[in-house]
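What follows is one structure encoded as structure tokens, with my remarks underneath.
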Amino acid sequence: MLCFLLPLWYNPNKVVINTDTKEIILELRTQYGLSQEQLAEKVHVTRQAVSRWETGETVPNTETLKLLSGLFDVSINTLLGSPRQLICQCCGMPLEDSSISREPDGAFNEEYCKWCYADGKFVYTSPEELLDFLEGHMSNETWPPEQVRAYFEAQLPKLNHWKQAET
Ligand SMILES: [Zn+2]
């Protein structure tokens, strides 16, 4: 049955439509049972400002986005409608809100995954240490360890964390 239904919705060329910031804020506010007034108070803006976000007239500024991120426990990238595919700048894995690292105070650190950066510290002190880990954990019957290592050896220098380490 599924194979008949599949062509109806499966279209690999179709880009996933990002939800707008305005819809996301409205949805989260509703989900948290807050009025525009209550949300405004929590992030130190006027009710009119919240109203303007929800009509799409304006987008919250960076400071307010941080407050909203903390309040609703979603990343800023999510609040902005996921304009970027976040990638861990240490190991290269694509990031979802559930795998994004956090600072010790609970705020998202959207640069890294939670396995590479935890409790305010980087887990791997050198690319070799990370390569050893990846080689052991990413390899399988179809992707042998030496290929895994070669792949990541080429990828890691492109990531910000290791770029910085070199300079
Ligand atoms: Zn990582």
Quick check, is residue 75 more than 13 Å from residue 25 (Cα to Cα), within 21 Å of the chain's Cα centre (by Cα), among the small types (Gly, Ala, Ser) and surrounded by 12 or more Cβ atoms within 10 Å (Cβ to Cβ)?
no
Among 57, 63, which is the only one that is under 14 Å from residue 79 (Cα atoms) and either touching a residue at least 60 places away in the same chain (Cβ under 8 Å) or out of contact with any His (no Cβ under 6 Å at 6 or more places or on another chain) (or both)?
63
Residue hits (the range 97-121; in a loop (DSSP other than H, G, I, E, B) and either within 12 Å of the ligand (Cβ to nearest atom) or under 19 Å from residue 138 (Cα atoms) (or both)) are 99, 114, 115, 116
Among the residues of the range 105-156, count how many are among the β-branched types (Val, Ile, Thr) and either crowded, with 18+ Cβ neighbours inside 10 Å or closer than 30 Å to residue 79 by Cβ (or both).
2
What is the one condition in (1) free of Cβ contacts under 8 Å to residues at least 24 places away in the same chain; (2) loosely packed, with under 15 Cβ neighbours inside 10 Å; (3) within 27 Å of residue 53 (Cβ to Cβ) that residue 102 does not satisfy?
(2)
Failed item, numbered, when residue 69 is tested on (1) at pLDDT 95 or above; (2) of a type in the set (Ser, Thr, Tyr); (3) more than 30 Å from residue 33 (Cα to Cα)
(3)
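The values are calculated or read from the model by the stated rules, or taken from the named source; none is laboratory data. None of the values given here were measured: they were computed from a predicted structure. Don't worry about glycine lacking a Cβ; one is built from the backbone with ideal geometry, like all the others, and counts go over all protein chains shown.
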